[in-house]
Amino acid sequence: MSRQVFLYDPPDRFVAGTVGLPGRRTFFLQAVAGSRVTSVALEKTQVAALAERMDELLDEVVRRTGGSASVPAVSPAENTDTAPLDTPIEEEFRVGTMALAWDGEEQRMIVEAQALVDLDADSEEDLAEAEERLLQDEENGPPMLRVRLTGAQARAFAKRALDVVNAGRPPCPLCSLPLDPEGHVCPRQNGYRRGA
């Protein structure tokens, strides 16, 4: 079976968003171009890691080019997107592996999110080799979302993604675990229930 690639070059909109209440949210990446919408589900930690690495990569591009790359230092106000995800939200796949790259010739950030697959391996080395083969297999690999963004679009995505991640449940001031509306059993208080 050939690989299905959802390509957005460039998207009209590329955002991270959630569905559900804090503590029970499902995180999505959503790419939109015209009437075409692709939504893929992923974990909160994946959204945070993607946004942080994207900012780091953009900072490195600015540093290496001496500021000549078309990458803003911060997210431009005109690129701010606080709108909810486009509906209906139909999950194409759950993300397993993600990759980031900078195309210096085209001045574009390339984001790839590949579907989660189960790999059988006897060792960590075998697993790493299997993952690499899967990433390189353009013909028969799992479904993939590939998005090419300008520097400004990438900065705006990273800012929104971090805002979405941080909009969840507040942390307990003692143990940093998330506080549910009904409180939580705090290990630093020897099991005493703390209120929100």
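The values are calculated or read from the model by the stated rules, or taken from the named source; none is laboratory data. All values reported here derive from a predicted model rather than from experimental measurement. A quick note on method: Cβ atoms are made from the backbone with ideal geometry, for glycine too, and the neighbour counts reach across all protein chains shown. When the accessible area is computed, the model is the full protein with side chains, heavy atoms only, and any ligands, DNA or RNA have been set aside. Shrake-Rupley method; radii C 1.70, N 1.55, O 1.52, S 1.80 Å.
I'd like the full set of residues that are more than 21 Å from ASN79 (Cβ to Cβ) and either of a type in the set (Phe, Trp, Tyr) or free of Cβ contacts under 8 Å to residues at least 24 places away in the same chain (or both), limited to segment 143-180.
Within segment 143-180, PRO171, CYS172, PRO173, LEU174, CYS175, SER176, LEU177, LEU179 qualify.
Quickly run through segment 92-115 and pick out the residues that are open to solvent by 80 Å² or more (accessible area, probe 1.4 Å) and either under 22 Å from ALA152 (Cβ atoms) or touching a Ser or Thr at 6+ places or on another chain (Cβ under 8 Å) (or both).
GLU92, GLU105, GLU106
Limited to segment 1-24, what total is found for residues that are closer than 16 Å to GLY168 by Cβ and surrounded by 15 or more Cβ atoms within 10 Å (Cβ to Cβ)?
Residues meeting the conditions: 4.
Determine if segment 25-34 includes at least one residue that is loosely packed, with under 14 Cβ neighbours inside 10 Å, out of contact with any Pro (no Cβ under 7 Å at 6 or more places or on another chain) and part of a loop (DSSP other than H, G, I, E, B).
yes
For the subset of segment 54-91 comprising residues that are assigned to a helix (DSSP H, G or I) and among the hydrophobic types (A, V, I, L, M, F, W, C), which member is surrounded by the most Cβ atoms within 10 Å (Cβ to Cβ)?
Here the answer is LEU58.
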